[in-house]
1. Helix-only mean residue ellipticity at 222 nm, the chain, DSSP H runs n ≥ 4 weighted -39,500 (n - 2.57), per residue, nearest 500. What is it?
2. Say R0 is 25 Å: what FRET efficiency, to the nearest 0.05, do Glu344 and Ile118 get from their beta-carbon distance?
3. Taking every eigenvalue of the Cα gyration tensor of the chain, multiplying by 5 and rooting it, what semi-axes result, largest first, whole Å?
4. Between region 283-351 and region 44-96, how far is it from one alpha carbon centroid to the other, in angstrom?
5. Might you tell me the accessible area per residue for region 40-128, computed with a 1.4 Å probe and given in Å²?
6. Using 0.36 nm times the number of residues separating Val176 and Asp265, minus their current alpha carbon distance, what extension gain do you get?
7. Beta carbons within 10 angstrom, averaged per residue: use that to sort the peptides 52-64, 21-33, 336-348, highest first.
8. What does the charge add up to near Pro210, with Lys and Arg as +1, Asp and Glu as -1, over the other residues with Cβ less than 13 Å from its Cβ?
Amino acid sequence: MKMNHQKLRMHQRNNTTNTALIVLGIESSCDETSASIVKDHKILSNIIFSQEIHSQYGGVVPELASREHQKNIAYVVKKSLEKSNTQLKDLDGIAVTYGAGLKGALLVGLNFAKGMSIALGIPFIGINHLEGHLYSSIMDNNKLQFPFISLIVSGGHTQIWKVNKIGKYELLANTVDDAAGEAFDKGARLLGLGYPGGPEIQKISRGGDPSHINFPRPVVKKSKYDFSFSGLKTALLYRIKDMDNNTIKQNIHHIAASYQEAIIDTLLDRVERISHNEKISQVSIAGGVAANKRFREKSKILSSNNDISIHFPDLNLCTDNAGMIAMAGYEKINNGLYSELSLEANPNLSL
Ligand code: KG4
Ligand code: ZN
């Protein structure tokens, strides 16, 4: 992404009149079409349209995701303006996800933002989706001090970053195969549950015994901190392979709770070890899996037994949303940064 430090026209206008910036955020990297308005570091609206069409296929179908974004993007933008009592003419800039994600899905949001930017004569800035997730956990939290550790745990990523400051990140751990969210989604599919699998497994685990089955807590050979979740899914497959449907049905609470526990324990094991070894006690956890109730409970226990302070975003900011993109964009636009119209969608963008 080309950045330009030139002062923005609207930014200058606001500086002279001393009014707060108003930024529209747009997110379309996977299966949520979302738009948000942020003013003066506050989210005024955060409209999220979750594409339910994918549930019948047990996972996101890229072509359908692009079409659904195309159908809904104008509507969510209009709604986000209405809900925040904002007029198009009030906007000072647009922040939009340009990676990582599905290429066709990203293109819908990115091109919509470029079109608005030209039509309104205001700048736009491309935002890294992962940086958006990172922002979701720090935006309301004055206690987090640099450096801190950030676990980003979603359907596409399971990574631990050392955040020295905004824009300066060091990758400490990554998954070598499936992401944790993917493990939830694939596990749910094996158990005949719906998509997305995380909330389904959470729901059916209620009242289940998490120690009923001792699933492995996978480690990666020759790596200190990396994750591997594909073996866990295979362990579940083998475990239920010899069970008849009735037995699975009767024990589904226990099986799901045990599977969920193995994912959570694996995540928290790395958080604890990295925090200890790096001597960093501040931790943020963000991304779709951060919405998991049991994960939040077990993190609290880990915090209270150790010198670790773990911060989660509000629930509505965990799964994909434009609020986190608008917040990340707000900071950049406030500092006079923006993107060129030639900015391309980048499916494999890293932090
Ligand atoms: O951050 P996100 O909305 O999209 C990506 O960037 O991937 O994360 C979606 C992932 C899905 O795999 C979904 O199953 C998982 O987050 N997820 C959960 C929960 N809510 C969403 N996993 C566990 N428990 C939840 N409550
Ligand atoms: Zn995400």
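The values are calculated or read from the model by the stated rules, or taken from the named source; none is laboratory data. As the structure is a prediction and not an experimental result, all values here were calculated from the model. Glycine also receives a Cβ, built like all others from the backbone with ideal geometry; neighbour counts cover every protein chain displayed. Surface areas here come from the heavy atoms of the whole protein model, side chains and all, with no ligands, DNA or RNA. Shrake-Rupley method; radii C 1.70, N 1.55, O 1.52, S 1.80 Å.
1. -14000 deg cm²/dmol
2. Details: r = 17 Å, r/R0 = 0.67.
Taking R0 as 25 Å, the efficiency between Glu344 and Ile118 is 0.90.
3. Semi-axes, largest first: 37, 23, 16 Å.
4. 19
5. I get 47 Å² per residue for this part.
6. Numbers: separation 89, 0.36 × 89 = 32.04 nm, distance 1.74 nm.
Extending this stretch completely gives an extra 30.3 nm.
7. Values: 52-64: 14.4, 21-33: 28.4, 336-348: 16.0.
So the order, starting with the most tightly packed, is 21-33, 336-348, 52-64.
8. +1
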